[in-house]
Every structure is written in structure tokens, then in C-alpha cells.
Amino acid sequence: MKRNYSLYIFTFLAFLMCGALSAQQLKHENVPDLTEFSEIYRDTTEFVAPTEIIRKDSILEPMRVVTNKFGKNWFLFATGGAHTFIGDYSNLGPFKTTLSSDFSIGVGKWFTPGIGLKVEYIFPTNSRGYTRNVHNWAYGEPMTDEDGQYWRFRTHWWDLSASVILNLSRLFMGYEGMGNNKLMNQFMLNAGIGLVHHTGFKDSYGSQNEISAHAELQYSRFFTKAKRWSLDFKVRGLFYQTNFDGEHGYGDYVARKIDCNIGLDLGVTFYLGSKRTNGWSESTTAYYQRDFRQRDILVVNERDVFVGEEENNKRAMQGTMTFYVFYPNNYSGRNDAPLVADADVNTLDYLAGGLFTQKRYADTKSATSKILAGNSLNGLKIEDIPTEMAEELTFATDLPRGYEMSATSPLSLSLKPEDMTEFREKEGFYYAPIYDGSHVWQYRIDDATLGQTLLNNSNYEETQTFGLNSHGGLDIIKENMKLDGNDELVSFADVYAALNGNEGYIAQFTDEETVNRIKDILENGIITMVQTEGMATSQDNYSGANADKVGTERNSALSENRANSVMKWLQENENLADALYQSFFTNGQNTINEVKDTSTQSLNSKLNRGVKVRLHYIKK
């Protein structure tokens, strides 16, 4: 049968064309028709980043440290106390007759925060007890019990030993770093071997020199952040072979296998050298090496027709709006939404209308009982209060809300019992500060910055405000910040209200005309580019090894995460959902500005702690 191959070929080609058309349709489904646009601007730039190692930022890894040089981390110690001798016949007399005093000195070195070595000399002392044999160390008149005669026994000796030290606190909890109040109480386990020498040895009964085994549990209490000296309490045992007391066993009597001195001692330890020579550098984690080159081509197109054919001859207006988002000290939103998708707290909602630290005591009853008893609330569990949009706040609207929104009411709230009780009676819970064991933070901070020591105690509060995030703060920003070109300056509050609604709590910090203008640009214009640049101050109180580098890493992390949080907030807002083809980018080099003021509440400090955002647009 003759086959009609032409029909088959035609069907196959038709199938391919349909598939290609379908793929083309899918590919361009979300792409605007550029035939309606005219190119009005083009620029080409090339960026070549230097090769760099990307390392973990902020607080470094306490469980990983760099071992020190031989001349560092030496210490001297002295110990005094008493011990009881436990031998074959120690139970023949009162306990007090087996007690003797001892005194020792020593020197040691820590090789890592958790492992060290010490050499100790116990000055000549003695061990006392009883014996049933007349030998080198028996003395006094014989005494008699149902088993026969026995004598007092005393041996004079000194001991030289070497022991390994295990700092259990640091091994389990990690190195605490230098210059802070962490691990002021430390527990150590020491074990070693020594040489004991008996003095006054007269005959061959017993041994003049023998080996001793040392075991010791030590508790050390430090009293200053520098940890230059400590008060030590020790429970220790010195163990010997059976003939330490001259008893070898005889006849049908088998001597104890081990004799020992068990004692309690109190002493002091002094660490030599400066604070830095008594610490360790914490290691960083190199994630990857980056070699980066990028060529960017920026093309700005203008839609030829905006509102109708009758407007066809009108040219587009190009413009740029700039606004700043200012942040509290040590806060970037890295643990909150939008950077953490399922977090209860949204960074920008907190800045616009957050309460205090946005935390509360999880157990209101426990907090109430402690307040009534006049006890500290430190140690009670705290939890996040979910944020609300600033135009929809449902509670505590009579209190200062948001960071740098009000020009008269700062973010920190009173921690007086009567004020916290009044709030609880009204709202049903207690707001809570953030405790780190040594300090009480009265504004929200990143988890990674918890425990950092600030330059002065007032920096843990927010008791001064300039209203920098509100429309009313624009005059201060204009006087102190340099704007690019002909940028129009608006406030974070204005942009927040334009994106979410200019009602409720946020409305008192905005300008209605400005908000409407921003909304008009978003709804009727085209956002061609969004730029963010993070900012942080140079203020850092870290004084350990590589202090400059660690401070730079901490502040770089704050700067970068601040920029990322604002960028992600803008990208996720429904008013910018159509900006699929717009350019969102964060400047590669975020800014760390030098601030010599020791206060984190000063105007200079606050102006240099945030994010600068530029919205480029075109509009008829």
C-alpha cells in the first residue's frame, strides 16, 4: 500500500509550531509589551569585586578558639587548708587526730580556654593516724583495745606534682570572651601525678620516696571583668601505695591497697600579663572565597501612552524620592520578618508602631507574684509580641510606639512596678525588657548582639528622640544628610502610610499631601529602580584580640542586614507587586560611619544608623 508521507510531515510540522507558540506564550506571559515603551536612558557599568573570604559576622564562635603563644596565659596560685589521712588504722582514734594543715604554691599555663597544665609544690607537712606496728613513724605510749596494742603514727613529707586542668565551665559552655561578666563562676577538674618525699626517714621499713596520684575538684570565683584573679575552693585527694603509713600487711592481715590524704583548701590565683595576654582569639568560619565581576546595563523605558490616546504627546517626568529608615542600636531585623518569613515580629512594623522591645513576660502570674514581693523579674521567660501594622494598632496606643516616630516620647518605657502594673491591668500582660545576665536592654536588639558591653550604661535605654522616622523630622535630616541631585526627601512614615494606609496611629506622623503624592506615583507611574544602602556607626566596645576587625565585622553585619530587611519589605508589598521588571538592588558596599560620641542616643549616632532608600520613577 502506498503511504501518504506528505500528510505525516505536515502534521509533524504543525505540532512543532503549536508547541513553539505555546512555549513562547508561557515565556512572555508576565513580560510587558515593550513596543509601548521608548528608551529614554541607558548606562553601562562594570563592577569588579576584590577576591575576599566571606566570614561569619558579629559574635564569633565561642566553641572554637585559636591556641595561644607560649608566653601567654600563665598564672600563679597559692593554697592553704587541711587534710585527713585515711590509712589502715585511721579509725582507731578521733577524727580530729587525723587532721593536718597544708600549704602549697604553684605555677600554671592555659593552652586553650578549657585545657591547662599546672605544677604544684606542697610544703613540708605531715599525715597523722594510728598503727599497730612499731616502725619508723610510730610514736607515743602504746594504747590498747580488744584487738591488742596500737600507737599514734605521723609521717612528715613534701610533694611536687604536675596536673592537667580541665575547665569544665568553658568546655561545656564555650569561651566567654574577654572583658565581660560571663562565667564569673567556673568549675575545674584537675588530675595529675607527683613525687612524695618522706623526711626523717630512719630505717628500711616503708619507702622514703614514692609516687602520688592527684585528683582535685576546684571552684573559682572571679570578681572583675578582667578576670585577673580568683578565689578558689578545692576538694582534693592525694593517693599512695599501701605502705605510705608503713603498713605492708603481715600474717593473716592484708593491708589496704591505697592510702590517701583527703583535704579542703582555700586559695587565690593571679593571672600574669595584661588582659589581652590572658585571652584567646575566637576563630571565624570561612564560608567561601568570592571572585566576582559583573557588567550592568541599565535601560530606562518610558511608556508612550499612560492614560489614553489623547495624552500621547505628553512626555514623562523622571524623578527620585529618597527616604531614610532609622534603626535602634544593635538592631537590624535579622531575626524578624521579612528576613525570617514566619517570625511574629516584622521589622518595619516594629519601627513604625512597635512597643518597647516588642516582648512580654510569658507567665503573667509569675511576673505579678515577683512584682508584689519586690523581687527581680530577671530569669522569667519572655516572648515576642506579634506586631500589628501601624495603622491598625489595637492596644496601648496612648504609649509611645515606634522608633523615632514621636519627637517628644522615646521608645523606652518605665520599669517601675506601679507603671508596669497599671499597663497589665489595662492590657492583660506585662511588657518586658531584654536581659543578658549583666544588662537590661530597653529596645529591641538582634540575638547576635545580646551580651555585648556598650560604652556606657545609658546606652541600654532609649530616652531621647528626634522624630527622625516621621515627616516632622525631615528638617533635621535635610540639615545633616547629603541628598543626591534633585532627590525629593520624604519620610519613612510617609512611605509606610502610602504602602499600607494613612490611618490610625501612623497618621499623626505623616503629611497627607506627601502620602497622596507617593501613592499617585506608585499607582500611575513606573518605578524604574529601587536602591538601598545600609548604615551603621563605628561605635563598638569590643577590646579583645583583633578588636578593629571584629568591630568592623559586627557593624558590617548590622549595616547589610538593615538594607536587606528594607529591600525585602518593599519587594513583598502588594503596591509594588507589579514591579516584576524593576531593578531592586542593595549597594555592594554598605556604610560604616565614624561616630566619636560615646552615646548611642545622640543625634549623630541615630542619623548614621539605618537605611537610605532611593526610589527612581517616571510618570506623566
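Before moving on, here are some points about what is shown:
- Subset tally (residues that are open to solvent by 30 Å² or more (accessible area, probe 1.4 Å) and part of a helix (DSSP H, G or I)) for the range 483-514: 6
- Restricting the range 396-434 to residues that are hydroxyl-bearing (Ser, Thr, Tyr) and not in a loop (DSSP other than H, G, I, E, B), the residue that is farthest from the chain's Cα centre (by Cα) is Thr421.
- Taking the range 235-248 as the range and being crowded, with 20+ Cβ neighbours inside 10 Å and within 40 Å of the chain's Cα centre (by Cα) as the test, only Arg236 passes.
- Any hit, the range 576-591, residues being in a helix (DSSP H, G or I), of a type in the set (S, T, N, Q) and at pLDDT below 80: no
- Scanning the range 350-377 for residues being open to solvent by 20 Å² or more (accessible area, probe 1.4 Å) and not polar (S, T, N, Q) gives a total of 10.
- Restricted to strands (runs of 3 or more DSSP E) entirely inside the range 14-121, those with at least 3 residues that are closer than 30 Å to Gly451 by Cα, at pLDDT 55 or above and out of contact with any Pro (no Cβ under 7 Å at 6 or more places or on another chain) are 74-86, 99-110.
- Test set (1) open to solvent by 30 Å² or more (accessible area, probe 1.4 Å); (2) in contact with a Gly (Cβ under 6 Å, 6 or more places away or on another chain); (3) under 30 Å from Gln186 (Cβ atoms) - Trp110 fails condition number: (1)
- Taken as a whole, the structure leaves Lys72 outside the set of residues that are within 56 Å of the chain's Cα centre (by Cα) and open to solvent by less than 30 Å² (accessible area, probe 1.4 Å).
- Residue in the range 127-146 that is more than 19 Å from Gly246 (Cα to Cα), among the polar types (S, T, N, Q) and in contact with an Asp or Glu (Cβ under 7 Å, 6 or more places away or on another chain) present: no
- A search for C-beta distances below 8 Å between a residue of the range 502-515 that is without any contact (Cβ under 8 Å) to a residue 60 or more places away in the chain and more than 18 Å from Pro400 (Cα to Cα) and any residue that is part of a helix (DSSP H, G or I) and open to solvent by 30 Å² or more (accessible area, probe 1.4 Å), counting only pairs 6+ apart in sequence or on different chains, returns Asp511/His471; Thr514/His471.
- Subset of the range 515-538 [under 26 Å from Asn459 (Cβ atoms) and open to solvent by 30 Å² or more (accessible area, probe 1.4 Å)]: Glu533, Ser538
- Tabulated pairs, the range 516-527, first under 14 Å from Asn500 (Cβ atoms), second assigned to a helix (DSSP H, G or I) and of a type in the set (Val, Ile, Thr), C-beta under 9 angstrom, 6+ apart or interchain: Ile518/Val495
- Checking Asn167, Asn209 one by one, the residue that is without any contact (Cβ under 8 Å) to a residue 60 or more places away in the chain, within 21 Å of Ala78 (Cβ to Cβ) and either of a type outside the set (Asp, Glu) or surrounded by 21 or more Cβ atoms within 10 Å (Cβ to Cβ) (or both) is Asn167 and no other.
- When residues in the range 133-152 are screened for being open to solvent by less than 40 Å² (accessible area, probe 1.4 Å) and not in a strand (DSSP E or B), 4 of them pass.
The values are calculated or read from the model by the stated rules, or taken from the named source; none is laboratory data. A quick note: this is a predicted structure, and the numbers were derived from the prediction, not measured. Backbone-built Cβ (ideal geometry, glycine too); neighbour counts: all protein chains shown. Side chains included, ligands, DNA and RNA excluded: accessible areas come from the protein's heavy atoms. Shrake-Rupley method; radii C 1.70, N 1.55, O 1.52, S 1.80 Å.
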